[in-house]
1. Can you tell which of 73, 99 is surrounded by 13 or more Cβ atoms within 10 Å (Cβ to Cβ), within 16 Å of the ligand (Cβ to nearest atom) and at pLDDT 65 or above?
2. Which residue pairs have Cβ atoms under 7 Å apart, sit 6 or more places apart or on different chains, and have a first residue in region 60-73 that is more than 22 Å from residue 95 (Cβ to Cβ) and a second that is within 13 Å of the ligand (Cβ to nearest atom) and outside any helix (DSSP H, G or I)?
3. Quickly run through region 50-70 and pick out the residues that are surrounded by 19 or more Cβ atoms within 10 Å (Cβ to Cβ), more than 9 Å from the ligand (Cβ to nearest atom) and closer than 11 Å to residue 111 by Cβ.
4. Counting just the residues of region 125-140 that are surrounded by fewer than 18 Cβ atoms within 10 Å (Cβ to Cβ) and in contact with a helix residue (DSSP H, G or I) (Cβ under 8 Å, 6 or more places away or on another chain), which one comes out modelled with the lowest pLDDT?
Ligand SMILES: [Zn+2]
């Protein structure tokens, strides 16, 4: 058992055990990913709301910021890289279309530092994730 490698020399029994373990692992992973996704969406949402409130002086989202929010949520919903990243801003695959990318960048630049003020817990979590993920990406 010491030299057992998951890729070869599997007996039927071991295979069975491994599959069950994998399934359980995947399920757990999926839950974590969903949590990340929801958290990302919440942070992005806060950032867009903050940006619009300060920049566009609206109490509700203006149509253009609403469009951006919907776009961002939709991208996050479809993101195939949730497992390896938390934030679209950390992602190496920039799936945003150009116009939206510029807009979200502006929102991030504006709201990012201000998140510390309004949502410190969220901001710290975001910063911690970003550092961790950027480090991980460099090591790839
Ligand atoms: Zn706006």
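1. Values: 99 fails: surrounded by 13 or more Cβ atoms within 10 Å (Cβ to Cβ).
Only one candidate passes the filter, namely 73.
2. Matching pairs, first to second residue: 62/56.
3. To start, the set of residues in region 50-70 that are surrounded by 19 or more Cβ atoms within 10 Å (Cβ to Cβ) comprises 50-52, 61, 65, 68-69.
In the following step, the residues that additionally are more than 9 Å from the ligand (Cβ to nearest atom) were identified as 50, 69.
Scanning region 50-70 gives a single hit, 50.
4. From region 125-140, those surrounded by fewer than 18 Cβ atoms within 10 Å (Cβ to Cβ) are 125, 127-128, 130-132, 134-140; that's our starting set.
Then keep just the ones that are in contact with a helix residue (DSSP H, G or I) (Cβ under 8 Å, 6 or more places away or on another chain); that gives 125, 130, 134, 137.
Numbers: 125: 77, 130: 76, 134: 76, 137: 71.
In this case the residue turns out to be 137.
The values are calculated or read from the model by the stated rules, or taken from the named source; none is laboratory data. A quick note: this is a predicted structure, and the numbers were derived from the prediction, not measured. Using ideal geometry, Cβ is built from the backbone for each residue, glycine included, and neighbour counts are taken over all protein chains shown.
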